[in-house]
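What follows is a set of notes on a single structure, which appears directly below.
The values are calculated or read from the model by the stated rules, or taken from the named source; none is laboratory data. None of the values given here were measured: they were computed from a predicted structure. Positions of Cβ are generated from backbone atoms using ideal geometry, with glycine treated the same way; all protein chains shown enter the neighbour counts.
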Amino acid sequence: MEGQLSHSNLESSDQENAIHMLLVSYPSQGHIAPFIKLAYQIAGRGIMVTLVTTENAHARLMTAEPELDNEQYKVRLITVPDGLSEDDTRNDEGKLAESISKVMPGHLKEVLKKANLEGNKVTCVIADPIFGWALEIAETLKLKLAIFWPSAPGVLALILNIPKLIEDGIIDTKGSPKMNGKVQLSPDLPPLTSADFLWNYSGHHSTQTMFQYFLGIQHTIKSSGWVLCNWFHELNPLVSNLVPNTFPVGPLLADGKPSGNFWPEDSTCLSWLNKQPAGSVIYVAFGSSSLFSQHQVDELALGLELVGRPFLWVKRSDLINGGSSKCPDGYEERVGDHGKIVQWAPQEKVLAHPSIACFLTHCGWNSTMDGISMGVPFLCWPYFADQFYNRSCICNGYKVGLCVSPDEYGIVTRQEIRRKLDSLFADDGIRANALKLKEMAQQSISEGGSSARNLENFIEQMKQ
């Protein structure tokens, strides 16, 4: 049902000028999870918060984390249709995004209208940068609008510099590189090459389509009055100079609350971790959308076996495109005394566990912030879009990780996995850098820290 509330018996505000922030997220886990964590932070400061997502995404959230629908978290959930039928798959991102852009603006207007009638007038919309139409709605209704940027500082810098890259003759108007060499977007970011341009990693979309998509995001961000970001100022201090109204408010963490998962967490891995020596376990997780071939899954499995160290592997049932992934014959029996394989894990709790030594990751920004927050070194294995530049930042900028190198056939071999993990375990410099970043991250969200002050400053501006 349009505008359906998951729970609506929060008290209506009787103050005419009370703040009510409406958060609107794209319906993928990589977007919804940081939006939910941002909602917790805002609601924890006494602000009324409503999160809007699609019915399909909400159903997945409720299946995985039914406790999310609990008034103690002070975040109201509202669902709207995504325009697709029940039989449609949501795996085709292009089809889903196109349908949402057609139907969601109308549903959002209805949600805003209904909130006004209930006496819970929305005063500010915080929108996903994908939703440029939210700007028009906010302007029409004279609402304040902020964009929440859920990815990395370097990716924001790249997108905001697209017009300058065209002007300087580095890329053409279709996003194709016109010259070789490196581009330095900000003094505190690693230089990027044309291989780091995120529109080049387009999956089943054309590079030109992806470039136009990011160009649209660039316009939306430039047009927005405020940009909230999931990082902390000290991570890349000079990036904030690119946008005057940037508010880094991260790292955004669930801190034991439901974290916006589409898969149920297997908490048995925590009791398993309790039995492992401190600093010994390799945590392996590739997020919610990475896909491998069966050959690559086999090489990963055999690589972890070759290393001979304890490992916790989050192996989604849909890790292989169009089928279920299998481990090599007899694998579970051979690694049973030191390997644990689960469908999904409580990632923040896992990374904070003293037995974790390192994080083999796809370099999604949510996972990157989780790892940085817990002081864990990274082994980077990016899959899509922004993850490749995130890898450059982790390895060359922050110097808290290493990266795997595929062979000439695009396969990361078992020998490469063992080689890089052995190197990571032996690198005291990376471990020291990771612990320094952890300390900076924790300070930023503590009382008086840069992220805590930024969020309070943003809320004060929303009151004006």
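General observations
The rows are residues; the columns are (1) aliphatic (A, V, I, L, M); (2) modelled with pLDDT under 95.
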site	(1), (2)
9	no, yes
12	no, yes
15	no, yes
27	no, yes
34	no, no
46	no, yes
76	no, yes
80	yes, yes
83	no, yes
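- Within region 66-107, considering residues that are touching a helix residue (DSSP H, G or I) at 6+ places or on another chain (Cβ under 7 Å) and closer than 18 Å to residue 288 by Cβ, the one surrounded by the fewest Cβ atoms within 10 Å (Cβ to Cβ): 90
- Consider region 361-392 and keep the residues that are small (Gly, Ala, Ser) and closer than 24 Å to residue 279 by Cα. The one that is farthest from the chain's Cα centre (by Cα) is 375.
- Region 102-147, subset small (Gly, Ala, Ser) and within 21 Å of the chain's Cα centre (by Cα), residue farthest from residue 206 (Cα to Cα): 146
- Residue within region 178-187 that is in a loop (DSSP other than H, G, I, E, B), over 30 Å from residue 346 (Cα atoms) and charged (D, E, K, R) present: yes
- Test: residue 403 is touching a Pro at 6+ places or on another chain (Cβ under 9 Å) and on the phi > 0 side of the Ramachandran plot: no
- Condition broken by residue 182, with the remaining ones in (1) without any contact (Cβ under 8 Å) to a residue 24 or more places away in the chain; (2) not assigned by TED's automatic domain parsing to the domain that holds residue 451 satisfied: (2)
- One residue stands out among those in region 223-268 that are of a type in the set (Asp, Glu) and assigned to a loop (DSSP other than H, G, I, E, B): the one that is surrounded by the fewest Cβ atoms within 10 Å (Cβ to Cβ), which is 255.
- Subset of region 114-132 [over 18 Å from residue 77 (Cβ atoms) and surrounded by fewer than 22 Cβ atoms within 10 Å (Cβ to Cβ)]: 116, 117, 119, 121, 123, 130, 132
- Residue pairs whose Cβ atoms lie under 8 Å apart, sitting 6 or more positions apart in sequence or on different chains, and linking a residue in region 274-296 that is free of Cβ contacts under 8 Å to residues at least 60 places away in the same chain to a partner that is assigned to a helix (DSSP H, G or I) and hydrophobic (A, V, I, L, M, F, W, C), are 292/300.
- Which listed residue, of 348, 333, is under 16 Å from the mean Cα position of the chain (by Cα) and more than 22 Å from residue 293 (Cβ to Cβ): 348
Condition check ((1) touching a helix residue (DSSP H, G or I) at 6+ places or on another chain (Cβ under 9 Å); (2) closer than 23 Å to residue 98 by Cα; (3) modelled with pLDDT under 90; (4) not assigned by TED's automatic domain parsing to the domain that holds residue 316) across all residues:
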residue: 198; (1), (2), (3), (4): yes, yes, yes, yes
residue: 227; (1), (2), (3), (4): yes, no, no, yes
residue: 236; (1), (2), (3), (4): yes, no, no, yes
residue: 242; (1), (2), (3), (4): yes, no, yes, yes
residue: 248; (1), (2), (3), (4): yes, no, no, yes
residue: 252; (1), (2), (3), (4): yes, no, no, yes
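- The combined condition, being more than 24 Å from residue 307 (Cα to Cα), at pLDDT 95 or above and of a type in the set (Ser, Thr, Tyr), is not fulfilled by residue 389.
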